[in-house]
Structures are given as structure tokens and as C-alpha cells.
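Structure record follows, encoded as C-alpha cells.
The values are calculated or read from the model by the stated rules, or taken from the named source; none is laboratory data. Since the structure is predicted, the reported quantities are computational estimates derived from the model, not experimental observations. For neighbour counting, all protein chains shown are included, and Cβ atoms are generated from backbone atoms with ideal geometry for every residue, glycine included.
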Amino acid sequence: MKIEAIMEKNMQKIEASSPEAKSADIVARNIAQLRALFPELISEITGGVAINVEVLKALVDDKTVTDADEKYGLNWHGKRRARQLALTPSTGTLRPCKDESVDWETTQNLIIEGDNLEVLKLLQKSYAGKVKLIYIDPPYNTGNDFVYPDNFQDNIKNYLELTGQVEGKVKISSNTEASGRFHTDWLNMLYPRLKLARNLLREDGVLFVSIDDNEVANLRKLCDEIFGEENLLQELVWKRHAGGGNDAKYFATDHEYILAYAKSKVNIDCLRMPLSEQDKKDYIFKDKHLDNLGPFKTKSFSRMRPDDPRPTLTYAIKAPDGSILTDTWKWEQARFLEALANEKVQIRRDRNGKWQVEYKIYLYSSDEKGDQEKEEKTKVPRSLLLDVERNSEGKRQLRDLFGVDNVFSNPKPIGLIRHLLSFGASHDSLILDFFAGSGTTAHSVLAENASDGGKRKYILVQLPEPLDSANKDQKNAAEFCEKIGKPHKISELTKERLRRAGKKMRDENPTIAGDVGFRAFTLDTSNIRAWNPDHENLEKTLIDHIEHINPGRSEADIVYELLLKLGIDLCVPFEARQVAGKTVGAVGGGVLLICLAESINRDEVETLAQGIVAWHKELVPAGDTTCIFRDNAFADDVAKTNLVAILEQYGLMNVRSV
């Protein structure tokens, strides 16, 4: 039965100013969290809400609430603006680049070209609280130039100018000591990015940041403020060079740092990593280190703490010859006797004939006998990274893939990132690197998955910074891009590395079932046209805005902007079907139904709506469904109203247009 237009139904239009067209409003989210904890803090004012500082003082302590300039912490010129920048929503979007991708239909990995500040904002709705591990290797502050736009008025415009997509001038910070901004520019660049990155971490998530001597002190203070100093896990020291450095003036620098922070340390019981091959050999290098429970190694049962006497740990143990051994032991007597009965403690003579009491540490944590799989023992990671791959290995690994030296300067080695993954991420974790560079993080994820059959996923973000063949430091990279027929951009090298790494893994192991693909996206302005009137030609402005979508944008562009702005994973399955002669797409098993047909007449409405309803019933989506249509596709308001009425009659209440 056709529903007549007299029924007052309407379709909400998604405008450029609508919440659905913007990234997450972090300020609103923060206020909502405060309201949930302390409702009395929030005061209603004209045009919004405000935090009542006097109430806050009453809730805690006057001494704990201050706006004084003299306080402990890290301060620099521009910090207030950098903090505000993290709170400003993005109106951009991510456009799919299917031709640049690998295994588009099946992959769960993402590579995004764009300014990582804007991209981090755009990821907030879809990926907040979902990332297990973040690793970044930001540009080191060596006193040289680094890509960084100083003008924050329009970050999408900055990005387009910075990457040569539009004409214009953008100042790139010359971060020299003489400028008086040696540390300031670097801190202003990193602060808002880390603020946004923290939101993406799971409650048990961890952050690793590579850094050198120039900024390690400032970075630690910065992370203390953003993550809380109580969430510092460790300041790791990585031996990056094997030797050399005789030309150094004072000291040859062999190391770099990796700061490790938890989002919330209370949600991480401990960090454990698999044993190395050498560790395993320590258990089984002699036959006597094997019993019916498997390989083991031994340690002395004597307690080496004379400064901390424990009466319950001091008792007599009878040796096999009847002699009595008295000492302070590691366990209380009841536990010792149980272990002795189960042959987990041994009493033997050493080479000098003296009786020794030792306890066994097994390679496998399971004590069960039989053919069932046993859980391998793990160990706590160390703060000194002396035995992981060094800087020279990173260069060799890229040379083996590209056949060219020095395409990237100082790429991190795969072994270093795999080491961090081994204790920082589980087998099905989501990994993020928003200073992707050469793509080592993603390559490490692929290698780790290939090694243990894991299903780790990655998101990479890299600025498509232009490469200049006239620059001696960029010459090899630019020439390589020319050789493979790609634009001269750093991000093109990142993608090419992952293509080659995935292909190599499959060629070397044809049976590999892991995900070695990626979906590529690029940052751009929104597909939804903003109202920007030409006051000298309003008639033309009105005509132009009849079409609500920016010219040159595809249906796929619109679909993925909707996913992003509605908070849906960018790798969810997409299925298309013809309904009443129109293409309808279902995303995420029907959570989103999209029809972007350019025309919908009155006599097509009922068939289209009934077809959508029938498909929706087949899909049985896990959550509420949103239906999206092209706003100017409807012949008139009657067609639009009738469509909404039919869909709502069958429970599809959330109908929007773009």
C-alpha cells in the first residue's frame, strides 16, 4: 500500500556543518565525561555549557585547582594553541584509492596518505579505544628543517599546499637553534598528535616512541603530562650501532631511546615475551636437564638476602646421605616439601662434592603429561636492547627489497619493531604508526604474523611529502619513484615497500594464509559541499548548491566518508545489490544501507523501499541501521516523504540524505 505524502515525514539532510560530516567532537566528549562524574560541575550558559571552577574547588581542594603560570611541568610558547588544535574537529575526509591497494576486498590493513594530525582526528569515531599498540618514530629534532606548517587556520588547506596539490605558500619551520624555537616547533608539532593518539588506545594499550638525545627529556615530560607519569613503563635504551664513531668530538653515540607508556598501567598485569632460541637452548643443553615434565634449567634454592631475614624460610633439609643442610631458602617449608615430592626440586653434589639444593624452571608452564599442546614459558622484557637488530639491518632490509641503497635514511630494522610487538601486542591486535616513513612497522606486523600465524592488523599514516631529485639526500628516493612510475612522494615508497614485502612472503611460502594486503586512502576536503556564498553572484551560488556533493567525487568517496563520520571501521565488508533498478550498498552486514542513485521518481519509491526492507531482513544487522540517499535524487518532496514513511513503517527510523 502506498503511503501518501500527507503523512508528515521528513528526511534529515547531512550538511557540511552536521555532526555526521565532522570528525569526533572531543570537547563535547570531555564535557560529557565530566558531567557523568560530577554533574554539578556543568553550568548551562547561552550558546552552550561551561565548567564551574568554584564548584570544582569545592569538590576537591582549593590547592589542587590552579591557573597559575608557575607550576611544575613542561611549558613552551604555543602550548595553549597546540592543545586547542587537538580539540578542533576536522571537516576533511579520506578518499579510497582502490587502484593503489592490495587485496582490497579482503584486507584489514590501512595505509593513509595525509597530514597525520588531520587523519588522527578523522579516525577518532571509528577507532577510539581499539588500538593495542602505537609505535612512532617521529622526525628527530636535529636543528635542521622538518615538514611542519605554522598556520593552523585551515589544516586541510595547509596539507594541500604542503603536498603541492594547490598553489600557495606554507612556511616550513626552519628549526634552527638561532631561531629561538629549537625545541618549541618540535613540541608544538608532537603535542596535539600524542593527545589524539591516546584516545585511540585500548585501556590496556601501549605507546612506544623512538627518540634520540636531543628531545628525550622533553618528550618524557610531554608524555608524563598526556599519559600521566605513573603510566611510564620504561625508558628503553637501544644499541643502534655496532661500532665506529671515532670522528665524534666528545662521545661516540651508540644508542637511542624508546619511551614506553601505558594508557593505564592498572589495566596491564605484566609484560611478557617469548623465549629466544638461546633461552630455549639454556634449558636443554644437557640430558640431565630433561625429565618427564620436559626441558628445564636449575637455580639455587638458597635465598641470597642476608639483609632481609625471614624465620619461616629458615629450616633444615635432609640430604640423600642423611646430612642436614640449614640455610635460608626461597620458599616456605610446606611448598618445598610438595615440590620435592613432585621432583621439582633436586639435591645433588657439585663438582667439589658439596650438597646443593636446586629448583627446576621448566621450558613449558604446563605440568600435564601427554600429547596435548603445552604453553611455552615467557620472560619479562629487558630495558637494555642489546641483542635486537641494529640500524645497519634496517638499511640492508630495504636494499634487499628495492635493489637500491639509501632510498630512506636510517630506516628502523624489522627486528626492533618485532621485539616490541612480541610483548606489547597480542596475536589479533590493531597496530598504529602515524609517522610511517619507510613502513617498517607494517612490515614487522606481516613478518610476525607469518611467524606465528597471528592476525595482527595495522594502520599506517604518512605525509605524501614531495621528493626532490635535486636534493642529494632525496635523489635516490626520487629516482626510484621515477623508475617504478610513481609520483615522487615519500608515501609512494611506503606503499611500494609493503607491496614488495607481501609478495616476497607469498613467493617464499605459497601456503601462507595471512593478510599481506592493504587498503589505501588519501586525505582530502569533504565530499559534502559547504555553504560558501559568492556575494557578488548569489544566483550562481544557489545554482551550484543544488548539487550537494562536490564535483569529481565518486560514490565510493561518499560511502567511505559516511563510514568514517558515522564511526564504522574502514575495512568492514561492503556488498552491493540492484533493488528496483537502483544500486544499493550494504556496509557492515546492514548497519549502513546506501543508495546514491541520481534520480528517484514517485512511482519508483515503493518498490525501492520494499526492496530495501526485504534485504534488511535478510541481513539481520547487529545494530541499528542508518539509510542514506542522495538528497537531490528525489523528483520532489512527495517522493522523499513517501520513502521515509515506508522505511519507518518497517522499523528503519534513521534515514538521512547527503
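Hey, does the stretch 628-638 have a residue that's surrounded by fewer than 16 Cβ atoms within 10 Å (Cβ to Cβ), farther than 26 Å from residue 96 by Cβ and free of Cβ contacts under 8 Å to residues at least 40 places away in the same chain? Yes, there is a match, as at least one residue in the stretch 628-638 is surrounded by fewer than 16 Cβ atoms within 10 Å (Cβ to Cβ), farther than 26 Å from residue 96 by Cβ and free of Cβ contacts under 8 Å to residues at least 40 places away in the same chain. Here 472, 486, 457 are screened, and the one residue that is modelled with pLDDT of 95 or more, assigned by TED's automatic domain parsing to the domain that holds residue 261 and surrounded by fewer than 19 Cβ atoms within 10 Å (Cβ to Cβ) is 486.
I'd like to know if the stretch 607-623 contains one or more residues that are more than 20 Å from residue 573 (Cβ to Cβ) and crowded, with 21+ Cβ neighbours inside 10 Å. Within the stretch 607-623 (the criterion being more than 20 Å from residue 573 (Cβ to Cβ) and crowded, with 21+ Cβ neighbours inside 10 Å), the answer is yes, since at least one residue qualifies.
In the stretch 372-384 there is no residue that is under 19 Å from residue 496 (Cα atoms) and touching a residue at least 24 places away in the same chain (Cβ under 8 Å).
Do we have residue 322 as in a loop (DSSP other than H, G, I, E, B) and at pLDDT 80 or above here? So residue 322 passes the test.
Applying the condition of being under 13 Å from residue 12 (Cα atoms) and among the β-branched types (Val, Ile, Thr) to the stretch 614-654 and asking which residue is farthest from the chain's Cα centre (by Cα) yields 641. Pairing residues of the stretch 326-341 that are outside the structural domain of residue 359 (by TED's automatic domain parsing) and over 16 Å from residue 358 (Cβ atoms) with residues that are modelled with pLDDT of 90 or more and in a helix (DSSP H, G or I), at Cβ distances under 9 Å and at least 6 apart in sequence or on separate chains, gives no pairs at all. Among the residues of this structure, residue 451 counts as one that is under 17 Å from residue 505 (Cβ atoms), at pLDDT below 95 and not hydrophobic (A, V, I, L, M, F, W, C).
Report those strands (runs of 3 or more DSSP E) wholly inside the stretch 185-296 carrying at least 2 residues which are touching a His at 6+ places or on another chain (Cβ under 7 Å), under 22 Å from residue 436 (Cα atoms) and of a type outside the set (Lys, Arg).
Answer list for the stretch 185-296: 232-239.
The single condition among (1) modelled with pLDDT of 95 or more; (2) surrounded by fewer than 21 Cβ atoms within 10 Å (Cβ to Cβ); (3) of a type outside the set (Asp, Glu) that residue 406 does not meet is (1). So which residues in the stretch 500-512 are surrounded by fewer than 19 Cβ atoms within 10 Å (Cβ to Cβ) and touching a residue at least 40 places away in the same chain (Cβ under 8 Å), if there are any at all? Once the filter is applied, which keeps residues that are surrounded by fewer than 19 Cβ atoms within 10 Å (Cβ to Cβ) and touching a residue at least 40 places away in the same chain (Cβ under 8 Å), the stretch 500-512 yields 500, 504, 505, 509, 512. Scanning the stretch 459-480 for residues that are part of a helix (DSSP H, G or I) and not small (Gly, Ala, Ser) yields 475, 476, 479, 480. Residue pairs whose Cβ atoms lie under 6 Å apart, separated by 6 or more positions or on different chains, with the first residue in the stretch 225-242 and aliphatic (A, V, I, L, M) and the second surrounded by fewer than 16 Cβ atoms within 10 Å (Cβ to Cβ), are 236/383; 237/255; 237/384. Just one of the listed residues (464, 510) is under 28 Å from residue 431 (Cβ atoms) and over 24 Å from the mean Cα position of the chain (by Cα), namely 510.
Do we have residue 104 as in contact with a His (Cβ under 7 Å, 6 or more places away or on another chain) and either at pLDDT 75 or above or surrounded by fewer than 19 Cβ atoms within 10 Å (Cβ to Cβ) (or both) here? Answer is no for this residue.
Return the only residue of 430, 463 being assigned by TED's automatic domain parsing to the domain that holds residue 398, within 20 Å of residue 194 (Cα to Cα) and at pLDDT below 95.
Criteria check complete, one pass: 463.
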